[in-house]
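The values are calculated or read from the model by the stated rules, or taken from the named source; none is laboratory data. Just so you know, these numbers come straight off a predicted model, no measurement behind them. Please note: Cβ atoms are built from the backbone with ideal geometry, for glycine as well, and neighbour counts cover all protein chains shown. Quick note on the areas: whole protein, heavy atoms, side chains included, nothing else; ligands and nucleic acids left out. Shrake-Rupley method; radii C 1.70, N 1.55, O 1.52, S 1.80 Å.
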Amino acid sequence: MSTLGSFIWSIADQLRGPYRPNQYGSVILPFTILRRLDCVLEPDRAAVRELAAKHENPNRLKVEVKKATGRTFYNTSNYEFANLLADADGLADNLADYIDRFSADVDVFEYFDFKKEVLALEKAGLLREIVKSFGAVDLHPDVVSNSDMGDAFEYIIRKFNEAANETSGDHYTPRDAIRLLVDLLFAEKDVDLTEGGIIRSLYDPTAGTGGMLSLAEEHLLAQNSEAKLSLYGQEYNPQSYAICKSELLAKGHDATNIAFGNTLTDDAFRGRQFDYCMSNPPYGVDWKQYAKAVKEERDSAGPYGRFAPGLPATSDGQMLFLLHLAHKMRAPEDGGGRVGIVMNGSPLFTGAAESGPSSIRRWLLENDLVEAIVALPTNMFFNTGIATYIWILDNTKHADRQGKVQLIDGTLFWTKMRKNLGSKGREISDDDRAEVVRLYADFEDADPDLSKVLRNDEFGYWTITVERPLLDEDGNPVVDRKSNPKPDSKKRDTENVPFTYGGSTAGAAGEREVIQMYFDTEVKPHVPDAWIDWAKTKIGYEVPFTRHFYKYVPPRPLAEIDADLEKQVAKILDLLREVEG
């Protein structure tokens, strides 16, 4: 996948013995970042040292460095990889000096606890060889592009997580999946992106190593080289945060837009909204440890808070990120925003009517925010082969799409990889991606076997409670003081009635008429003494994605099955005869 990443990871062989495989990443990752920054800063190193000698005030120095180099970050140390090895006895101290003299916005090494690692390497007698190995790798941007550097980081991160046996919920999004997500996210706005000098903002609350942010920027610049995309991200894994921030620093972005911390409990961009939002949150990871803070925020923020529509089960926090992103879309009156998020299948259907997940789906659909849901091929991710889906949200839908959701079955658009990478055995090629985007663009004219367009209300249903009378010993109904029959709780049942039952297009407004029609047709003929407890009727929403693309396959003819059975019986009899001699 990444020759460079493989080469860098091979340096870890030198750590064998004093380090266990699951500890390799704590050395390889920060050294890779340090070497990358070392190469990026190399051309202007002398000029920056001169400026540092003139300006002691860090704010003034930052301004002067920006004027001279175009970068917002710098390093004023007299050390670099080229001269670190000259003083063998002082290597650890000199390396610490080098790390300490980065500008304040380069805080990434703190999150690796890197100086502590340097001392451990020196104690193990490995520091000199590791510095020498990384010093021999040329990571200058003229030699290694940002894209290739990103691939190398992804490779190293994946190897590190394989060695550390990370939980299956933490996925590093493969670049082919990101490219499809980016294409779909920008598809509706591609025309706008060609306007001269446009400025757009992009936000990822689970930024990881910054792969989504980087690819989205590449896409926008490919459409319009004059465009400017301001990148914002938050990440709670220290190493991923450090990598993401390092890459964006190297590209000249404002590093203060990348924040460390947990998006769910401490939104670093509270009150801000963005043109585009994208995320691949962890799947099936519980949020019990954050539950108290999340519930307190929901209760205190009121009906317009980000978690107001509902809370998912604490066993899976995906839908919290879905709500968070919906909250982060730029307001329609300010131009609107779009969201692209990758999740597994559970947010489509988990939870009964009026449960947290169902209420979240109801809020999204009744506010007409869901534009499209695309099923991805299985075996797409490095750590899991489960089914995944891209959700596209838009709060300023095109007129043709208003009140509708497009479902796209993209599970057939994949190419087998020559060699599996963990659980990833399939990739979405450029042609595969173009086919999925074409289905999206064709909308109601797309191949109906691969794309369905449904009204928002077609995902709604009522859960009704059907009661039957409690009978006394003589078989007569027991009644209350008002002579109404008392229900028998042991015979109580519930039924789900689609909003569309009987061809209704009235949506939730058709409640009484549609439910009564369903009851009279489907229930009453079988249990004539039953009745509906209307007070217990609940509204639910689900997206039965696979049901919409289900194709009936008739069983084989009976004669054909019989013929196969006779053949197998004949084979068994022949084998028995051989055994009997």
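Couple of notes before you dig in:
- Counting the residues of region 502-519 that are open to solvent by 80 Å² or more (accessible area, probe 1.4 Å) and either more than 22 Å from Leu454 (Cα to Cα) or over 38 Å from the mean Cα position of the chain (by Cα) (or both) gives 2.
- Total residues in region 24-48, condition at pLDDT below 90 and open to solvent by 60 Å² or more (accessible area, probe 1.4 Å): 0
- Selection from region 61-92 of residues that are of a type outside the set (S, T, N, Q), outside any helix (DSSP H, G or I), surrounded by 19 or more Cβ atoms within 10 Å (Cβ to Cβ) and within 37 Å of the chain's Cα centre (by Cα): Phe73, Tyr74
- Condition met for Asn420 (modelled with pLDDT under 90, within 23 Å of Asp316 (Cβ to Cβ) and not in a helix (DSSP H, G or I)): no
- Residue list for region 197-216, restricted to those being of a type outside the set (Gly, Ala, Ser) and at pLDDT 85 or above: Arg200, Leu202, Tyr203, Asp204, Pro205, Thr206, Met212, Leu213
- Candidates Leu95, Leu51, filtered to the one that is of a type outside the set (Val, Ile, Thr), assigned to a helix (DSSP H, G or I) and open to solvent by less than 10 Å² (accessible area, probe 1.4 Å): Leu95
- Among (1) assigned to a helix (DSSP H, G or I); (2) under 29 Å from Met343 (Cβ atoms); (3) not aliphatic (A, V, I, L, M) - the single one Tyr552 does not satisfy: (1)
- Scanning region 65-120 for residues being free of Cβ contacts under 8 Å to residues at least 12 places away in the same chain and polar (S, T, N, Q) gives a total of 1.
Each row is one residue, and each column tells you yes or no for (1) over 15 Å from Ala187 (Cβ atoms); (2) open to solvent by 50 Å² or more (accessible area, probe 1.4 Å); (3) in contact with a Gly (Cβ under 7 Å, 6 or more places away or on another chain).
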{"site": "Asp400", "(1), (2), (3)": "no, yes, no"}
{"site": "Arg418", "(1), (2), (3)": "yes, yes, no"}
{"site": "Ala434", "(1), (2), (3)": "no, yes, no"}
{"site": "Tyr440", "(1), (2), (3)": "no, no, no"}
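- Among the residues of region 353-385, those that are under 19 Å from Gly425 (Cα atoms) and out of contact with any helix residue (DSSP H, G or I) (no Cβ under 8 Å at 6 or more places or on another chain) comprise Pro377, Thr378, Asn379, Thr384, Gly385.
- Index of the failed condition, Thr350 passing every other in (1) in contact with a helix residue (DSSP H, G or I) (Cβ under 8 Å, 6 or more places away or on another chain); (2) in contact (Cβ under 8 Å) with a residue 40 or more places away in the chain: (2)
- The listed residues are Ile392, Ile428, and the only one of them that is closer than 30 Å to Arg158 by Cβ, buried (at least 17 other Cβ atoms within 10 Å of the Cβ) and touching a strand residue (DSSP E or B) at 6+ places or on another chain (Cβ under 6 Å) turns out to be Ile392.
- Any hit, region 455-468, residues being among the aliphatic types (A, V, I, L, M), open to solvent by less than 80 Å² (accessible area, probe 1.4 Å) and farther than 30 Å from Thr388 by Cα: yes
- Considering each residue of region 453-468 in turn, at least one proves to be in a loop (DSSP other than H, G, I, E, B) and within 30 Å of Ser489 (Cα to Cα).
- Count of residues meeting criterion [more than 25 Å from Ala86 (Cα to Cα), in contact with a Pro (Cβ under 7 Å, 6 or more places away or on another chain) and in a helix (DSSP H, G or I)] in region 101-146: 2
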